[in-house]
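Data block below; observations after.
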Amino acid sequence: MTNKDWNELKANDSWAIFKIMAEFVEGYDKMGSIGPCVSVFGSARTDVNNPYYLKAVETSKLLVEAGFGVITGGGPGIMEAGNKGAVEGKGVSVGLNIDLPFEQSSNQYVTHPVNFDYFFVRKVMFVKYTQGFITFPGGFGTLDELFEAITLIQTKKIDRKPIILFGSEYWNGMVDWIKSTMLEKEGNISKEDMDLIKITDDPAEAVSLINSFYESHPLRPNF
C-alpha cells in the first residue's frame with residue numbers, strides 16, 4: 001500500500017464519522033418517544049414452527065399487555081416472533097434493522113422501523129431505550145447482544161436492568177460453565193454477577209420477572 005492509498009483511506013474514515021453521527025441522531029429521534037420497551041433477542045434462523053418462536057410470540061404479547069413495547073432486530077426468526085407478539089397485543093413493535101445477507105429488510109410485524117448500517121450504533125439503541133432483555137436461543141449475534149448487556153451492567157456503565165434467558169435446555173450449559181469455570185475455578189467474575197441472569201421456560205414468568213424488578217426500581221429511558 002502506498003502513502004497515497006493510506007491517505008485516501010484516512011479521508012474516507014473521516015467522512016464516515018458524519019454517517020455514524022446521522023445514524024445516532026435518527027435513532028435517538030425515533031426511539032426517544034416510544035415509551036418503555038423490552039429488547040427481545042434471538043436467532044434470525046428460527047423457524048415459525050419452532051417452539052421457541054411460538055414462546056417468543058406469547059412472551060411479547062404478554063409484555064405489551066403489561067405496558068411495554070417490544071424492541072427486536074427487525075429480521076426473521078425470533079425477531080419476527082417478538083414483533084408479531086407485540087402487534088397481536090396491539091402495542092409498540094420496534095425493529096432495529098441492519099442489512100445482512102440473510103436479513104435485509106424489516107419483517108412484516110414491525111410498526112416502528114429504524115435502519116442501521118453499523119452494528120455498534122444499533123446496539124446502543126437496544127440498550128439505551130430498553131427496560132430489560134429477554135434472550136431466546138440464538139447464535140453469535142445473540143450472544144454478542146447478551147454479553148454486551150451483561151458487561152455494561154456489571155461494570156455499572158448503565159443502570160441495572162433485568163436479563164432473562166428463555167429456554168433452560170439451551171442456556172443451562174452455558175450458565176453452568178460460567179459458574180463452574182469463570183467464577184469458581186478462575187475467579188474471573190464475582191458471585192454477585194450470577195445474580196444478573198435469570199432463566200425461565202415460561203412466558204408469564206419472564207414478564208413477571210421484569211414487572212417484579214420494577215416494583216423496586218424506576219423506569220429509566222436513558223443511560
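Any read-out appearing in this document is the output of simple, stated calculations on the displayed coordinates, not a laboratory observation. The structure displayed is predicted, hence computed values, not measured ones. FYI the Cβ positions are ideal-geometry reconstructions off the backbone, even for glycines, and counts take in every protein chain you see.
For the stretch 93-223, DSSP calls about 10 percent of its internal beta bridges antiparallel. Counted over the chain with a bin width of 5 Å, the fraction of Cα pairs per bin, in whole percents, is 1, 7, 14, 19, 19, 15, 10, 7, 4, 3, 1, 0, 0.
For the stretch 72-137 and the stretch 171-223, compute the distance between their C-alpha centroids and round to whole Å. So the two Cα centres are separated by 22 Å. Convex hull volume per residue, computed on the Cα atoms of the stretch 102-223, equals 138 Å³. When the P(r) of the stretch 66-120 is calculated, the portion above 12 Å amounts to 56% of the C-alpha pairs.
Of 105, 33, the sequence from fewest to most neighbouring Cβ atoms within 10 angstrom is 33, 105.
Comparing mean-square fluctuations of 75, 32, 89 from a GNM of the chain with C-alpha springs under 10 Å, the top value falls on 32.
Out of 207, 25, 175, any idea which swings most in a Gaussian network model of the chain, alpha carbons joined below 10 Å? With Cα springs under 10 Å in the chain, the top fluctuation among 207, 25, 175 is at 25. Can you give the angle from 0 to 90° between the axis of helix 140-154 and the longest principal axis of the chain, with both taken from C-alpha atoms, to the nearest 10? Taking the Cα atoms of the chain, the angle to 140-154 is about 80 degrees. Of 174, 31, the sequence from fewest to most neighbouring Cβ atoms within 10 angstrom is 174, 31.
The average projected area of the stretch 48-165, computed from the convex hull of its Cα atoms over all directions, is 6.8 nm².
Packing here is the average count of other Cβ atoms within 10 Å per residue, and on that basis the peptides 183-194, 50-61, 116-127, 134-145, highest first, run 50-61, 134-145, 116-127, 183-194. Between 174, 118, 52, the Cα set farthest toward the positive side of the dipole of the stretch 3-213 (charges on each charged residue's Cβ, about the Cα centre) is that of 118.
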